[in-house]
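Engineer: The structure that follows is given in the form of structure tokens.
The values are calculated or read from the model by the stated rules, or taken from the named source; none is laboratory data. Here the structure is a predicted model, which means the values were calculated and not measured. So basically every Cβ, Gly included, is an ideal-geometry build from the backbone, and we count neighbours across all protein chains shown. Protein only, heavy atoms only, side chains kept; ligands, DNA and RNA dropped before computing areas. Shrake-Rupley method; radii C 1.70, N 1.55, O 1.52, S 1.80 Å.
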Amino acid sequence: MLDQAAAGSGAALVLRGEAGIGKTALLAEAQRLASEREMRTLACSGVRTEAHLPFAGLHQLLRPVLAMVPAIPLEQGVLLRAALGLDQSVLADLYRVALAALELLAVVAARTPLLVVADDAHWLDRASADVLAFVGRRIAAEPIAMIVSSRNGPDDPFEAAAIPKLAIGALDPASSAALLDRVAPRLRDEARSQLLADAAGNPLALVELPAARRAADLWPAADSLPSPLPVGDLLRRSFTTRLSELPGRTQTLLLVASADAGCSLGELARAAGIVRGSPVGEADIQPAIDTRLVRLAGDMVAFSHPLIAAAIYQSAPVAARQQIHRALAEVLPAGEDRRVWHRAAATLGPDDRVADELIALADQAARRGAVAASIAALDRASSLVTDKARQTDLLLRASECAVELGRGRLALELMSRADASQLEPFTEARMLIIEEGVHPGQGGNGVPEFVATARAVAAADTDLAAAVLWTAASRCWWTSADRDDRFQVVAAVEALGLPVTDPRRIAILSYTVTAERRPQLHGHLLQASADRADLTSLRLIGSAAANLGDHALAVELFAAAVRLARRQGRLGVIARLQALQAWSALWSGGLDSAAMLADETERLASEQNQPMWHGAAMLELTLVDALRGDYADAEKQLWQHLASKENRQVRLYHAMAIYALSVAALGVGRYQDAYRYLRRIVDPADEVFHYGACQWVVGDLAEAALGSGHLEVTAELLRGLAADLRDHPAPAVRYSVLYADAILAEEGDAAARFATALAADPGGSVLAQARIRLAYGGWLRRRRRMREAREVLADAQASFAELGAGGFAYRALRELRAAGGAGERQGRAAVARLTPQELQIAQLAAEGLSNRQIGEQLFLSHRTVGSHLYHLFPKLGITTRSQLADVLTGAPGSS
């Protein structure tokens, strides 16, 4: 790793293993090797007592290079300083802070290759751990190596991070014996054998246990123990035994230090003096240094191993711990986060004053982008307030923040402690929204419960009622709820009296509206989309446009929303928006665009712990492959994706995926497959039936029925669907109806029907337009009108090839050759060689954005952007940035 990083190819690695297994020793070796290679090292270490302090670990890591902050863009520098508590002038966001940290590390590494080390990451504050995980995933083009150590267990913040893991196991028997002989060469055989057995290959145990002076206390006779003690318990006994042999003032000093490793030795001595009621001097630390329990790092006390601090702290009675925390709060200056946490730790019963301090701390942490720290402060404050209603509100605030972070299990745990009888019916409303946020479409409550709760709060809080109804409407859409449930939502939102152009009303109705009200709602959507520029409104009306089948408008609205979300650094929102945008791009035939969007969504959703949107992105990438012609493999993968836990209960996914797969089946001439899939979508008795998806399928079902020989038995169903959709406000849906009309037409009317369809607005779908040309060209060929057929089929084949719709392109090519043409596969091969991320970068560069601007949009360092451009230029056969626009012209999604 170090050699590759020194050569400019960075990587990250997480060392995982139990306490004392040797992770810290490996990190020290890495630093020694880095020094040999003239690499610079930046290091931080997680400390249990600082786990709730926002960006404490990041500040420790970056402190030596903060003087270089002016070398990164001004806005990023301000954000970084705000996160570290050095600037209160701006609101910080975790991922914009992470990008700023990445840029700063890249600047440092550009001068000297860099090793970043983070020890005991399981005790880092969550904001710092998230920043490190963000950076670790983005240093492939940087001269940076990152090595992180973390203990096994549920608190490992890198568990879900897409960073390679290396499990560190126990020493083998021979190595264990060699190590023990080195540190304790004169042990009696019996004690040596007992120690080797108890240590179980744990290096720290092998080094530390022999140092215990009262071995008989640590290792009683084997027959006196019901079972061998775990290694961790043996080590804790060893450390507390050694503590008891120290002078009283030293013991107190170490007890105080175990409660806060962030204090200076002078502060620890003053606090220890308060605890003892008599002076304690800095020199009283010396006996602990002599016994290797601690060492001095400047004016700070560092324990030789984190287990020592934990063992000493846990050995103290509760009352003694409270006394220690009160003393520390007394010596720390007002305004320090640690002082508030010590006051909270010293408090057992309710205390509204301390709770108020924690709430202020939570607000400050949120401003700095440390939402996890805010959650912890709100949670602790909830246990200290005297008012039950206030306690409930604080727990729900913390739960709502956990939903925002994608930490669903924590959100539900916090919510479960909230008293639902308090603040009714508002508590129930908020709980419903939280539960739906954690498990969209899968919660235990039905739509009627959502509606009843919304009605109960409507008079006092219209905004909360609208939020509950939006959640109910979303549930209807995800699960294909029946008409009665949908009508309840419609009636409830109408009763709120929201303006007709209110994005919330439009979005709710788009999920539930009936056919006769679609034109009016679409008109309101167009009005709203003309003057809405805030992120929330764009999200809502973009979803409404997609729900109503206006995919061209949806792509435009989602793209605008994504641009805003990028500027605000909201990666979780970007993942959701781009997943939705990719669906609309698929319907429009923008395969490159859909792949590009889904590729980034898959990465972001994975980082953000958003399984639902990660699942959507994986489906979209599979469907792109299917539409490009790799139907058989994509079909197999599709069913695996749909069976995954993030997708299997979301009915909408099944309907949308099966619809897209049916289109892909049509592309490769698998008419029977397509017909079977499409009939399921429009059959109310089928488990994948979806009331919204029915509006998309009429033209495809007609083509599949014709090709599979089922047109006659399906004609009545097709005419019914067409009648329902003929006046649909979305051009793409009306276009599909015209396609069905042409297929269903009598012989004498077919040519006119095809002409009408080809002259209509395809709603932005080049794919749909090319498909009608293909069908018309085939119709002409079968009637021996070869010259006309060749002209139409050549246009269709060129469009399919340019889109990258390989199956349809091959079908059109066969039809064209059967009509006497000599079609060729059209040249988009250069663009096709780009990965989705490379295409995304190339498009932004073609628009004139600098590497740094592209990096800010895509949450990459500017050096990584430059590396991608360096590798994609040869793929495109160009040598300069100015050539990008020309070579990408005509590539789908390039705008």
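Engineer: Taking the condition touching a residue at least 40 places away in the same chain (Cβ under 8 Å), open to solvent by 40 Å² or more (accessible area, probe 1.4 Å), among the charged types (D, E, K, R) and closer than 18 Å to Arg48 by Cβ, does Arg338 pass?
Structural biologist: Working: touching a residue at least 40 places away in the same chain (Cβ under 8 Å): yes; open to solvent by 40 Å² or more (accessible area, probe 1.4 Å): no; among the charged types (D, E, K, R): yes; closer than 18 Å to Arg48 by Cβ: yes.
No.
Engineer: Looking at the range 245-256, I want the residues that are part of a loop (DSSP other than H, G, I, E, B) and have a partner that is of a type in the set (D, E, K, R) and surrounded by 20 or more Cβ atoms within 10 Å (Cβ to Cβ) with Cβ atoms under 9 Å, at least 6 apart or on another chain. Which pairs are those?
Structural biologist: Cβ pairs passing all conditions: Pro247/Asp284.
Engineer: Look at Leu384 and say whether it is modelled with pLDDT of 95 or more, more than 23 Å from the chain's Cα centre (by Cα) and part of a helix (DSSP H, G or I). Step through it out loud before you land on a result.
Structural biologist: Values: modelled with pLDDT of 95 or more: yes; more than 23 Å from the chain's Cα centre (by Cα): yes; part of a helix (DSSP H, G or I): no.
Considered against the rule, which asks whether it is modelled with pLDDT of 95 or more, more than 23 Å from the chain's Cα centre (by Cα) and part of a helix (DSSP H, G or I), Leu384 comes out as no.
Engineer: Sticking with this one: Just one of (1) free of Cβ contacts under 8 Å to residues at least 60 places away in the same chain; (2) over 24 Å from Gln76 (Cα atoms) trips up Ala575, so point out which.
Structural biologist: Evaluating Ala575 over (1) free of Cβ contacts under 8 Å to residues at least 60 places away in the same chain; (2) over 24 Å from Gln76 (Cα atoms) leaves (2) as the failure.
Engineer: So which helices (runs of 4 or more DSSP H) stay within the range 472-560 end to end and still have 2 or more residues that are farther than 21 Å from Leu597 by Cα? Walk me through it before giving the result.
Structural biologist: Values: elements: 483-496, 503-512, 518-530, 535-547.
Helices (runs of 4 or more DSSP H) meeting the threshold: 483-496, 503-512, 518-530.
Engineer: Is it fair to say Trp587 is among the aromatic types (Phe, Trp, Tyr), at pLDDT below 90 and over 17 Å from the mean Cα position of the chain (by Cα)? Walk me through how you get there before you give the answer.
Structural biologist: Working: among the aromatic types (Phe, Trp, Tyr): yes; at pLDDT below 90: yes; over 17 Å from the mean Cα position of the chain (by Cα): yes.
Spelling it out, Trp587 is indeed among the aromatic types (Phe, Trp, Tyr), at pLDDT below 90 and over 17 Å from the mean Cα position of the chain (by Cα).
Engineer: Of all residues in the range 373-398, which are β-branched (Val, Ile, Thr) and open to solvent by 50 Å² or more (accessible area, probe 1.4 Å)?
Structural biologist: Pass one, the range 373-398, residues β-branched (Val, Ile, Thr): 375, 385-386, 392.
If the condition is that a residue be β-branched (Val, Ile, Thr) and open to solvent by 50 Å² or more (accessible area, probe 1.4 Å), then Thr386 is the only one that fits.
Engineer: Let me ask something else about it. Any residue at all in the range 583-597 that's over 26 Å from Ala634 (Cβ atoms), open to solvent by 10 Å² or more (accessible area, probe 1.4 Å) and either assigned to a helix (DSSP H, G or I) or among the aromatic types (Phe, Trp, Tyr) (or both)? Break it down into steps so the answer makes sense when it comes.
Structural biologist: Pass one, the range 583-597, residues over 26 Å from Ala634 (Cβ atoms): none.
No, the range 583-597 contains no residue that is over 26 Å from Ala634 (Cβ atoms), open to solvent by 10 Å² or more (accessible area, probe 1.4 Å) and either assigned to a helix (DSSP H, G or I) or among the aromatic types (Phe, Trp, Tyr) (or both).
Engineer: OK, next. Could you tell me whether Arg651 is more than 20 Å from the chain's Cα centre (by Cα), of a type in the set (D, E, K, R), closer than 26 Å to His439 by Cβ and open to solvent by 10 Å² or more (accessible area, probe 1.4 Å)? Spell out the reasoning first.
Structural biologist: Details: more than 20 Å from the chain's Cα centre (by Cα): yes; of a type in the set (D, E, K, R): yes; closer than 26 Å to His439 by Cβ: yes; open to solvent by 10 Å² or more (accessible area, probe 1.4 Å): yes.
For Arg651, the condition - more than 20 Å from the chain's Cα centre (by Cα), of a type in the set (D, E, K, R), closer than 26 Å to His439 by Cβ and open to solvent by 10 Å² or more (accessible area, probe 1.4 Å) - is met.
Engineer: Going by what's in this entry, would Leu348 be described as part of a strand (DSSP E or B), free of Cβ contacts under 8 Å to residues at least 40 places away in the same chain and not basic (Lys, Arg)? Walk me through how you get there before you give the answer.
Structural biologist: Numbers: part of a strand (DSSP E or B): no; free of Cβ contacts under 8 Å to residues at least 40 places away in the same chain: yes; not basic (Lys, Arg): yes.
No.
Engineer: Among the residues that make up the range 364-372, is at least one of them over 26 Å from His614 (Cβ atoms), modelled with pLDDT of 90 or more, basic (Lys, Arg) and buried (at least 22 other Cβ atoms within 10 Å of the Cβ)?
Structural biologist: No, the range 364-372 contains no residue that is over 26 Å from His614 (Cβ atoms), modelled with pLDDT of 90 or more, basic (Lys, Arg) and buried (at least 22 other Cβ atoms within 10 Å of the Cβ).
Engineer: Residues Leu564, Leu553: which one is surrounded by fewer than 24 Cβ atoms within 10 Å (Cβ to Cβ) and aliphatic (A, V, I, L, M)? Walk me through it before giving the result.
Structural biologist: Working: Leu553 fails: surrounded by fewer than 24 Cβ atoms within 10 Å (Cβ to Cβ).
Sole residue among the options that is surrounded by fewer than 24 Cβ atoms within 10 Å (Cβ to Cβ) and aliphatic (A, V, I, L, M): Leu564.
Engineer: Under 8 Å between Cβ atoms, which residue pairs at least 6 apart in sequence (or on different chains) link something in the range 798-812 that is under 12 Å from Ala664 (Cβ atoms) and outside any helix (DSSP H, G or I) with a partner that is of a type in the set (Phe, Trp, Tyr) and open to solvent by 10 Å² or more (accessible area, probe 1.4 Å)?
Structural biologist: Here the result reads none, with nothing in the range 798-812 linked to a residue that is of a type in the set (Phe, Trp, Tyr) and open to solvent by 10 Å² or more (accessible area, probe 1.4 Å).
Engineer: Out of the range 842-864, which residues are within 21 Å of the chain's Cα centre (by Cα) and in a helix (DSSP H, G or I)? If you could, list the steps in order and put the result at the bottom.
Structural biologist: The initial filter retains those residues of the range 842-864 that are within 21 Å of the chain's Cα centre (by Cα), namely 854-861, 864.
Of everything in the range 842-864, those that are within 21 Å of the chain's Cα centre (by Cα) and in a helix (DSSP H, G or I) turn out to be Ile854, Gly855, Glu856, Gln857, Leu858, Thr864.
Engineer: Out of the residues in the range 399-420 meeting the condition of being more than 16 Å from Ala377 (Cβ to Cβ) and at pLDDT below 85, tell me which one is most open to solvent (accessible area, probe 1.4 Å).
Structural biologist: Selected residue: Ala420.
Engineer: Residue check, Val69 against (1) in contact (Cβ under 8 Å) with a residue 40 or more places away in the chain; (2) assigned to a helix (DSSP H, G or I), all met but one. Which one?
Structural biologist: (1)
Engineer: Among the residues of the range 84-96, is there at least one that is within 24 Å of Ile308 (Cβ to Cβ) and surrounded by 20 or more Cβ atoms within 10 Å (Cβ to Cβ)?
Structural biologist: Of the residues in the range 84-96, the ones within 24 Å of Ile308 (Cβ to Cβ) are none.
No: the range 84-96 contains no residue that is within 24 Å of Ile308 (Cβ to Cβ) and surrounded by 20 or more Cβ atoms within 10 Å (Cβ to Cβ).
Engineer: While we're looking at this one, here's another question. Name the single residue that is least open to solvent (accessible area, probe 1.4 Å) among those in the range 421-470 being polar (S, T, N, Q) and under 20 Å from Arg486 (Cβ atoms).
Structural biologist: Per the stated criteria, the residue is Thr453.
Engineer: How many of the residues making up the range 619-639 are among the basic types (Lys, Arg) and assigned to a loop (DSSP other than H, G, I, E, B)?
Structural biologist: First pass over the range 619-639, keeping only residues among the basic types (Lys, Arg): 628, 636.
Checking which are assigned to a loop (DSSP other than H, G, I, E, B) leaves us with 628.
Adding up the residues that qualify gives 1.
Engineer: Between residues in the range 174-193 that are at pLDDT 90 or above and residues that are not in a helix (DSSP H, G or I), which pairs lie under 8 Å by C-beta distance while being six or more apart or on different chains?
Structural biologist: Sorted first by the residue in the range 174-193, then by its partner, the pairs are Ser175/Gly201; Ser176/Ala170; Ser176/Gly201; Leu179/Leu171; Leu180/Leu187.
Engineer: Still on this model: Within the range 28-55, which residues are part of a helix (DSSP H, G or I), surrounded by fewer than 21 Cβ atoms within 10 Å (Cβ to Cβ) and among the acidic types (Asp, Glu)?
Structural biologist: Glu29, Glu36
Engineer: How many of the residues making up the range 865-878 are touching a residue at least 12 places away in the same chain (Cβ under 8 Å) and not in a helix (DSSP H, G or I)?
Structural biologist: Residues of the range 865-878 that are touching a residue at least 12 places away in the same chain (Cβ under 8 Å), as a first pass: 865-869, 871-872, 875-877.
Of the ones still in play, those that are also not in a helix (DSSP H, G or I) are 877.
Of the residues in that region, 1 qualify.
Residue-wise test of (1) polar (S, T, N, Q); (2) closer than 22 Å to Cys401 by Cβ; (3) part of a loop (DSSP other than H, G, I, E, B).
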residue	(1), (2), (3)
Thr427	yes, yes, no
Met431	no, yes, no
Glu436	no, yes, no
Pro440	no, yes, yes
Thr453	yes, yes, no
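Engineer: I need a count of the residues in the range 88-131 that are under 18 Å from the mean Cα position of the chain (by Cα), assigned to a helix (DSSP H, G or I) and among the charged types (D, E, K, R).
Structural biologist: Residues meeting the conditions: 3.
Engineer: From the list Gly893, Gly821, which one is modelled with pLDDT under 90 and either within 19 Å of Gln578 (Cβ to Cβ) or touching a strand residue (DSSP E or B) at 6+ places or on another chain (Cβ under 9 Å) (or both)?
Structural biologist: The match here is Gly893.
Engineer: Those residues that are surrounded by fewer than 22 Cβ atoms within 10 Å (Cβ to Cβ) and within 42 Å of the chain's Cα centre (by Cα), I need them from the range 739-762; list them, please. Walk me through how you get there before you give the answer.
Structural biologist: Of the residues in the range 739-762, the ones surrounded by fewer than 22 Cβ atoms within 10 Å (Cβ to Cβ) are 744-753, 755-756, 758-761.
Of everything in the range 739-762, those that are surrounded by fewer than 22 Cβ atoms within 10 Å (Cβ to Cβ) and within 42 Å of the chain's Cα centre (by Cα) turn out to be Ala760, Asp761.
Engineer: Is there any pair linking a residue in the range 747-762 that is without any contact (Cβ under 8 Å) to a residue 40 or more places away in the chain to one that is open to solvent by less than 30 Å² (accessible area, probe 1.4 Å) and not in a helix (DSSP H, G or I), with Cβ under 9 Å and at least six apart or on different chains, and which?
Structural biologist: From residues that are without any contact (Cβ under 8 Å) to a residue 40 or more places away in the chain, the pairs are Ala751/Ala745; Ala752/Ala745; Arg753/Ala745; Phe754/Ala745.
Engineer: Taking Glu142 as meeting all but one of (1) within 23 Å of Ser9 (Cα to Cα); (2) open to solvent by 60 Å² or more (accessible area, probe 1.4 Å), write down the number of the exception.
Structural biologist: (2)
Engineer: Okay, next question. For the subset of the range 669-678 comprising residues that are in a helix (DSSP H, G or I) and not basic (Lys, Arg), which member is surrounded by the fewest Cβ atoms within 10 Å (Cβ to Cβ)? Step through it out loud before you land on a result.
Structural biologist: Residues of the range 669-678 that are in a helix (DSSP H, G or I), as a first pass: 671-678.
Within this subset, residues satisfying the condition of being not basic (Lys, Arg) are 671-675, 677-678.
Working: Tyr671: 19, Gln672: 14, Asp673: 19, Ala674: 27, Tyr675: 25, Tyr677: 27, Leu678: 28.
Among those residues, the one meeting the criterion is Gln672.
Engineer: Please list, ordered by first then second residue, the pairs with beta carbon atoms under 8 Å, 6 or more apart or interchain, first in the range 500-517 and on the phi > 0 side of the Ramachandran plot, second assigned to a helix (DSSP H, G or I) and surrounded by fewer than 24 Cβ atoms within 10 Å (Cβ to Cβ).
Structural biologist: none
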